[in-house]
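Some notes on the structure that comes next.
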Amino acid sequence: MHRSNDGRNEDLTVPRLGVPTVRSPLKLSTIKGDRIYNFVGDEERVLMDACLTLGEAGPETALASSFERAGPRELLYFEPQRLRVGIVTCGGLCPGINNAIRSAVIELHDHYRVREVFGFRYGFAGLNPDEGHPPIPLTPQSVEGIHHDGGSILGSSRGPQASEVVVDTLMEREIDLLFVIGGDGSMRGAYSIYEEISRRGTPISVVGIPKSIDNDVPLVDKTFGFETAFSIAVESIRAAHTEAAGYRNGVGLVRLMGRNSGFIAAGASVAAADADFVLVPEVPLMLDGPHGFLEALAARLRSSGHVVVVVAEGAGQDLLKTERGPVEQDESGNVRLLDIGSYLKRRIDEELGTRGIKHTLKYIDPSYLIRSAPATPSDSVYSSNLARNAVHAGLAGKTGLLVGSWNGEYTHVPLREVIHRQRTVDLEDDLWYSVLESTGQLALWGVP
Ligand code: F6P
């Protein structure tokens, strides 16, 4: 057990279906130094804290707070040739989903010799027969070239399905291993399926693969798709800067996705190095008054002649309360956000007008453009590696886990430790400090 920053006790033990006894067909090694990749043993751990404060943490603490290392196991739980596997992609689309599907199918088929792999259509809805979307067979031929495209060849949907219905479907279709490719909500869905399976005592493994442009899955360094999304968002910030700098008192305003977390806005702003203000959901937004955003914006306009503002869609929602009718939710139960971008545009125009500052405001919202694209090379590598490690975990009989990465190593993370947490930008972390340093908004937010 390890007490983490959020005060919760972590138990990073990964559940498994039973003792693995089947020899892996992979021709790997157990000897270090023979120039052949080694099988990974369950005793291999990835430390949670890469940094130690000398004198504080003893070796036993470090050992307790560690993830199981992911990778191919020498002994498997499932007999590959008798295995039936399902893959489902859930939630918002995200770059790299097709890469993950393709890599899982090829790893299963070509390396483990698994013959039957099925893709469930349109998210968890595809696991409810009443929705009428029968699964499709996935083979190396059917996934050829799919990684060149964004989206998901299986389709997706938001929202859970009753876990009893899902497990009935898995049992009827004799699925032994289910891969859930999804974000934080989908991982909660995967966990309730795992719980229902455990309740029934049936040997079906559930393995999550974390995707999300929002980067909001806890206990993983990053989700796949995030890097592609923020890289594309950089173009919008650059365009906003060019437009703002091209006019006297030019204001460039960019709204980016990021419901509860400002990772995309923060990452893209640091990368573009063109933003003067970055507004994220993690930092309360104060518009008015001598220490408010509008005052700071006017001052920046006076000093540099143009300003670039990047706002995450979830920022400043409390300011829009008066504009809100009844709170609406999407199928996943997320509160539908109000449009902070248009609101800020109006408030900036009004404020500068009142101050008699003639200005030009260009508003850019790349919206779904940042998530419908194919994966960048780095996200292609990452999504594929996560998927391959998910296959290794599943074949070894691990269950109720997601495959993540931590301190540069691939890891097994029990879903029960993920589902109660929320991941947001840590205001004491390097990323947010880089935002403050690169924008110069240091004195305004995040710092008293
Ligand atoms: O998947 C994450 C995300 O892209 C958020 O950034 C955004 O708020 C949301 O999904 C929008 O998704 P949709 O309109 O498909 O429900």
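Pairs of Cα atoms nearer than 8 Å and 6+ residues apart set the relative contact order; for the chain it is 22 percent.
Rolling a 1.4 Å probe over the protein heavy atoms leaves TYR37 with an accessible area of roughly 130 Å². Placing unit charges on each Cβ (+1 for Lys and Arg, -1 for Asp and Glu) gives the chain a dipole about its Cα centre, and among GLY189, THR223, SER367 the Cα reaching farthest toward its positive end belongs to SER367. Note on the range 236-279: the alpha carbon radius of gyration divided by the globular reference 2.2 N^0.38 Å gives 1.16. Which aspartates and glutamates, on any chain, are close to LYS358 with Cα under 18 Å apart, when same-chain ones fewer than 8 places away are left out? Within reach: GLU243, GLU295, ASP349, GLU350. Of the whole protein surface, SER372 contributes about 70 Å² of accessible area at a 1.4 Å probe radius. In the structure shown, the pairs LYS321/LYS345; LYS211/LYS398; LYS211/LYS345 are assessed against 26 Å; a Cα-Cα span above that value is assigned to LYS211/LYS345. Helical runs (DSSP H, four residues minimum) scored at -39500 (n - 2.57) apiece and divided by the length of the chain put the mean residue ellipticity at 222 nm at -9000 deg cm²/dmol. Only protein heavy atoms count here; on that basis, with a 1.4 Å probe, LEU320 has an accessible area of about 0 Å².
Cross-link partners of LYS222 among aspartates and glutamates, defined as those whose alpha carbon lies under 14 angstrom from its own and excluding same-chain residues fewer than eight positions apart: ASP184, ASP214, ASP379, GLU409, ASP426.
Cα-based values for the range 174-248, radius of gyration first and Dmax second, are 19.6, 69 Å.
Take the Kirkwood radius over Cα pairs of the range 374-448, plug it into Stokes-Einstein at 20 °C and 1.002 mPa s, and you get 140 µm²/s for translational diffusion.
Ranked by solvent-accessible area (1.4 Å probe, protein heavy atoms only, all chains present), the residues LYS32, LYS345, LYS321, LYS211 order from largest to smallest as LYS32, LYS321, LYS345, LYS211.
Taking amide H atoms as placed 1.01 Å from N in the peptide plane, the amide H of TYR410 lies under 5 Å from those of ALA70, each 5 or more residues away in sequence or on another chain. Measuring nothing but how far apart in sequence close Cα pairs (under 8 Å, 6+ apart) lie, relative to its length, the range 300-393 scores a relative contact order of 18 percent. Here the range 393-438 and the range 131-207 have alpha carbon centers that stand 21 Å from each other. Apply the Debye scattering formula to the range 70-202, with a single equal point scatterer on each alpha-carbon and no solvent, then give log10 I(q)/I(0) at q = 0.09, 0.20, 0.23 Å⁻¹. Values returned for q = 0.09, 0.20, 0.23 Å⁻¹ are -0.24, -1.26, -1.53. Database remark: amide H of LEU361 closer than 5 angstrom to the amide H of VAL251 (H placed geometrically; neighbours at sequence offset of 5 or more, or on other chains; Pro and chain starts carry no H).
Rg and Dmax of the chain, based on Cα coordinates, read 23.7, 78 Å. Relative contact order for the range 142-220 using alpha-carbon pairs under 8 Å, separation at least 6, rounded to a whole percent? With pairs under 8 Å counted, the relative contact order is 31 percent.
The values are calculated or read from the model by the stated rules, or taken from the named source; none is laboratory data. Worth saying up front: this structure is predicted, and the values here are computed from it rather than measured. All Cβ positions, even for glycine, are placed from backbone atoms using ideal geometry, and neighbour counts span all protein chains on display. All accessible areas refer to the heavy atoms of the entire protein, side chains included, with ligands and DNA or RNA removed. Shrake-Rupley method; radii C 1.70, N 1.55, O 1.52, S 1.80 Å.
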